[in-house]
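Here the structure comes first, spelled out in structure tokens, and everything after it is commentary.
The values are calculated or read from the model by the stated rules, or taken from the named source; none is laboratory data. Since the model is a prediction, treat every value here as computed from it, not as a measurement. Here the Cβ is made from the backbone with ideal geometry for all residues, glycine too, and neighbour counts use every protein chain on show. Please note that ligands, DNA and RNA were not included when accessible areas were found on the heavy atoms of the full protein model with its side chains. Shrake-Rupley method; radii C 1.70, N 1.55, O 1.52, S 1.80 Å.
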Amino acid sequence: MKKYLILSKSVYETKLALLEDNKLDEMYIERNNKKEITGNIYKGKVVDILNNGEIIFVDIGLEKNAFLSFENKKDISKYNIDDKLIVQAETEPRDEKGAKLTLDYSINGENLVLLPKSKNLSISKKIKDIEEVNRLKNIFLSTDNGLILRTNSEGKSEENLLEEYRRLENIDNQINKDFEKINVGLLYDVNSILKKVVALFDDSTEKFIIDDEHIFKEIKYLLEEIGKKDLIKKLRKYFKDEDIFEYYNINSQIERALDRKVYLDSGAYIIIEKTEALISIDVNTGQNTGNKTSQEIIFQTNLEATKEIARQIKLRNLAGIIIIDFIDMKKFSNKKRILEKFKKYLSKDKVEINSVEYTNLGLIQFTRKRQGKELALYYREKCQYCEGIGYFLSKDRIILNLLEDLNNQIKSQDIKKIVIRTKKDIIKELNKYIDNNKIEYIEDNNFYKIGYKMELYN
């Protein structure tokens, strides 16, 4: 499998794409004017306390105050207004709501997660070898901080793991030093493109192609700093005039990742729909008819869809409750194989995923942790006319509403003139039903949410 990293820098944004066999697998965007904050560590100041401390609003230097929420009353800490504390952002600010925070901050490494507020040592459940689990435990028995040993730590040498632990510890020490220096604000940024590079760039990467000289030098220096000098030989500068994302066919793949319908190689397709409560994904055979029996076609279509659905969830950065309606299969063994295959593809996702199981209705349901913005939010905004529902008023409904509105206004003795701005076909229909000297129609192809604009003159 060919694995490339592609980085593009412009005056407005920096984009990082991970390609696997020329398919876009992961995408990260950093805008100069609006950066993601999930995972960032801040020094905050308590500005308001509600419900006896169950909710604490904290100024972390952003436009909206963030908040701490304690669902379990036993966890409520005693704080006063103006108290200073180290917090980590768990979510992005959304609509009128500020970011959700946690006091139990963590610092992620390639193989380890440092937990400065804990003493617990945990090892990924995906590491099954008991001897390896014991070996890893023994390396860190005498450490002062809590730790999570990630799946990547399996087979890594004691020297490498301890070196990474010391790096994470140094980051925490710097966080605490900076805490004493600033009033409120950012202590540690995990969302910079350079941090993503560290997480994604490894021995399995064939090439890392960069179109910006300054970023190229920064990454080279960073690799030297973190002891990954052997990866420097894989760095490549991009010199062509054509945009790097166009050259590697990334832009067209992004466009497809914004569509609700995604076609599979067989001619089948999946539909991805987002609502306020959940994300639903529906699998359809489409033109995948083939020469096999219907149950064989259904199974093969579902099998093909498992890989693409896992890729789309990760690429689009979908989060919350996700429900998948695979095409109904009669054999229990086939259902089991589909679930196992789907779990296998989901296991490659770095974001936390929980409870991947069939429901009583035969749907697969699970949750994916919200981490950063959805890909679509970098490219699209909610329609100001339909407010995201995808529909607007029908021609008949506009005419009926307008007739009712006109009849009410015509009755008024104070109104001498009514000007209606709307489309030509609506004016034509209105002339069949209402004739009054007060009304003047003006053909207007501008889009109005209610289908027309009415101007009243006394």
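Roughly how many percent of the accessible protein surface of the range 159-305 is carbon and sulfur, given a 1.4 Å probe and a whole-percent answer?
It is 47 percent, rounded to a whole number.
Please figure out what share of the DSSP beta bridges in the range 107-188 is antiparallel and state it in percent, rounded to the nearest 5.
Percent antiparallel among DSSP bridges in the range 107-188 is about 65.
Take every Cα-Cα pair in the range 240-381 and report what % of them are more than 25 Å apart.
Counting every Cα pair in the range 240-381, those more than 25 Å apart make up 30 percent.
At a 1.4 Å probe, what is the % contribution of carbon and sulfur to the accessible area of the range 368-458?
46
Tally up the carbon and sulfur contribution to the accessible surface of the range 1-77 as a whole percent, 1.4 Å probe, everything protein left in place.
So the carbon and sulfur contribution to the accessible surface is 43 percent.
Mind checking which of Ile426, Gly372, Phe342 is farthest towards the positive end of the range 330-430's charge dipole, using Cβ charges of +1 (Lys, Arg) and -1 (Asp, Glu) about the Cα centre?
Checking the options against the dipole of the range 330-430, the answer is Phe342.
Once you have the alpha carbon radius of gyration of the chain, what is it after dividing by 2.2 N^0.38 Å, with N set to its residue count?
1.25
Among Thr301, Gly185, Leu456, whose Cα projects farthest towards the positive end of the dipole of the chain, with charges put on the beta-carbon of Lys, Arg (+1) and Asp, Glu (-1)?
Thr301
What is the dipole size for the range 395-457, taken about its Cα centre, with +1 at each Lys and Arg Cβ and -1 at each Asp and Glu Cβ, in debye to the nearest 20?
Charge dipole, the range 395-457, about its Cα centre: 80 debye, nearest 20.
When the helices in the chain are scored as -39500 (n - 2.57) per DSSP H run of 4 or longer and the sum is shared across all residues, what 222 nm value do you end up with, to the nearest 500 deg cm²/dmol?
Helix-only estimate at 222 nm: -9000 deg cm²/dmol.
Whole-Hz ³J(HN,Hα) for each residue in the range 424-431, computed from phi via Karplus 6.51 cos²θ - 1.76 cosθ + 1.60 with θ = phi - 60°, x for glycine and proline: what do you get?
Couplings: 4, 5, 6, 4, 4, 5, 4, 4 Hz.
As I understand it, the value is the acute angle between the Cα axis of helix 158-181 and the longest principal axis of the Cα atoms of the chain; what does it come to in degrees, rounded to 10?
Helix 158-181 and the main axis of the chain meet at about 60 degrees.
Per residue, how large is the accessible surface of the chain? Use a 1.4 angstrom probe and give square angstrom.
59
What dipole magnitude, in Debye to the nearest 20, does the chain give about its Cα centre under +1 on Lys/Arg Cβ and -1 on Asp/Glu Cβ?
700
Pop a pseudo-label 7 angstrom from the Cα along the beta-carbon direction at both Phe179 and Glu255 and give the gap in nm to one decimal.
My value for the distance between the label points is 5.0 nm.
Would you mind estimating how fast the range 395-457 diffuses translationally, via Stokes-Einstein at 25 °C and 0.890 mPa s with the Kirkwood radius over Cα pairs, in µm²/s?
209
Once Lys and Arg get +1 and Asp and Glu get -1 on their Cβ, which of Ile324, Leu147, Gln174 lies farthest toward the positive end of the dipole of the chain?
My answer, from the dipole projection, is Ile324.
Please report the equivalent ellipsoid semi-axes of the range 107-188, computed as sqrt(5 x eigenvalue) of the Cα gyration tensor, largest first, in whole Å.
The equivalent ellipsoid of the range 107-188 has semi-axes of 27, 11, 11 Å.
Give me the percent of DSSP beta bridges within the chain that run antiparallel, rounded to the nearest 5.
Roughly 75 percent of the DSSP beta bridges within the chain come out antiparallel.
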